[in-house]
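These notes concern the structure reproduced below.
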């Protein structure tokens, strides 16, 4: 059975060369029945999930998700009120 498109790559052991830097390390909880259990930190995972939720809330604003503005300063000017409203 093929995996759904949204779930591909979440349980891979190998990562792209960009992820192999000293700063980046995978922090995904292992499945209960997997033989190989990677290092997992619940504290780091909570922080990662908080950032993902923040971006999810910001993308509820259409202007932020589609990025109408070309200049970074104009985009930041749209992100700041959206972040203020969502939090």
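Throughout, read-outs are computed from the coordinates displayed, never taken from laboratory work. Just so we're clear, the structure is a prediction, and the values are computed from it rather than from any experiment.
Given N residues in segment 42-87, what is its alpha carbon radius of gyration divided by 2.2 N^0.38 Å?
For segment 42-87, the normalised Cα radius of gyration is 1.28.
So how much slack lies between residue 27 and residue 77, counting 0.36 nm per residue of separation and subtracting their Cα-Cα distance, in nm?
Between residue 27 and residue 77, full extension yields 14.8 nm more.
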